[in-house]
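Visitor: One structure is given below, represented as structure tokens, and several questions about it will come after.
The values are calculated or read from the model by the stated rules, or taken from the named source; none is laboratory data. In this text the structure is predicted, and so the values were computed from the model without any measurement. Glycine gets a Cβ as well: all are built from the backbone with ideal geometry, and neighbour counts include every protein chain shown. Protein only, heavy atoms only, side chains kept; ligands, DNA and RNA dropped before computing areas. Shrake-Rupley method; radii C 1.70, N 1.55, O 1.52, S 1.80 Å.
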Amino acid sequence: MTKTRAPLSFALAIHEVTTVIGVAAARRVTGRAKRTLQLWREGDQDATPSLAHAFALDHAYIQAGGEGLPPILASYLRQMEALMANPAACRIALIDDIARVARESAEALAASLALTQPGVSPTAIHHAIAEVEQGHAANGRLIARLRSFLPGNGAGRRKPGDRT
């Protein structure tokens, strides 16, 4: 059965690292047992790697050819951004992104509907394609904004020292 992990969580990041480098390599770079790595990957417990272990795992990920920002670092950065962000500003930005998607989608639909008329020019076709591409880009920004509200992105996480 596939384990569900919170998006952008440390557990998911460690899972991504071990998927690329393998559990044996993860054990070698951290000096930890297989069970410890499993606890880190599951995220059910409060088990997380030390900063040195996280660094070693991300470094091994880079050495193994992992793409993009190392997963543990990316998770940490996104969680810190979420903690530092002004919630009201985030909601205003969400409203702006929703409005942009609505506007771009309407323009894409209007330009596409114009193509149903006889005698459509290639310029009109290119215009419709451009409008749809702008709508697609606006949807991508909205998806990123929506993901920023997920609990694994820092929102709703316990703060250090909380014991509830």
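Visitor: For a distance above 14 Å, tell me the whole-number percent of Cα pairs in segment 1-84 that qualify. Before the final figure, lay out each step's value.
Guide: Working: 2050 of 3486 pairs.
More than 14 Å apart: 59 percent of the Cα pairs in segment 1-84.
Visitor: In square angstrom, what is the accessible area per residue of the chain with a 1.4 angstrom probe?
Guide: Numbers: 10810 Å² over 164 residues.
Per residue, the chain has 66 Å² of solvent-accessible surface.
Visitor: Also, quick follow-up: Using the crude model of +1 on Lys and Arg Cβ and -1 on Asp and Glu Cβ, and no other charge, please compute the dipole size for the chain relative to its Cα centre, in debye to 20. Working shown, then result.
Guide: Details: 19 positive and 14 negative charges, 187 e Å.
So the dipole magnitude of the chain works out to roughly 900 debye.
Visitor: Checking the a/c ratio against 1.5 first, then a/b against b/c, what shape does the Cα gyration tensor give for segment 72-143?
Guide: It is prolate, given that a/c is not under 1.5 and a/b is the larger ratio.
Visitor: Please identify which residues in segment 104-127 have an amide N closer than 20 Å to a label point set 7 Å out from the Cα of Ile143, following the Cα→Cβ vector.
Guide: Only 104-109 fall inside the zone, counting backbone N under 20 Å.
Visitor: What is the gain in length, in nm to one decimal, between Leu115 and Thr19 on full extension, counting 0.36 nm per residue of separation less the C-alpha to C-alpha distance?
Guide: Here the answer is 29.9 nm.
Visitor: So if I take the centroid of the Cα atoms in segment 101-154 and the same for segment 45-82, what is the distance between those two points in Å?
Guide: That distance is 34 Å.
Visitor: Let me ask something else. In deg cm²/dmol and to the nearest 500, what is the mean residue ellipticity at 222 nm of the chain if only DSSP H runs of at least 4 residues count, each as -39500 (n - 2.57), divided by the residue total?
Guide: -22000 deg cm²/dmol
Visitor: Along its principal axes, what span do the Cα atoms of the chain show, with the longest given first and each in whole Å?
Guide: Sorted from largest, the Cα extents of the chain read 70, 36, 29 Å.
Visitor: Once Lys and Arg get +1 and Asp and Glu get -1 on their Cβ, which of Ala47, Ala11, Ile98 lies farthest toward the positive end of the dipole of the chain?
Guide: Ala47
Visitor: Same structure, new question: Taking a 1.4 Å probe, which of His59, His15, His53 shows the most accessible area, and what order do the others take after it?
Guide: Most to least solvent-accessible, the answer reads His59, His15, His53.
Visitor: Turning to a different aspect of this structure: Largest first, how would Tyr76, Tyr61 line up by accessible area (1.4 Å probe)?
Guide: The residues order as Tyr76, Tyr61, largest area first.
Visitor: Continuing with this model, one more query. Taking the Cα atoms only, what angle lies between the long axis of helix 87-113 and the longest principal axis of the chain, rounded to 10 degrees?
Guide: Taking Cα atoms only, the helix is inclined about 40 degrees.
Visitor: Carbon and sulfur together cover what percent of the accessible area of the chain at a 1.4 Å probe radius?
Guide: 60
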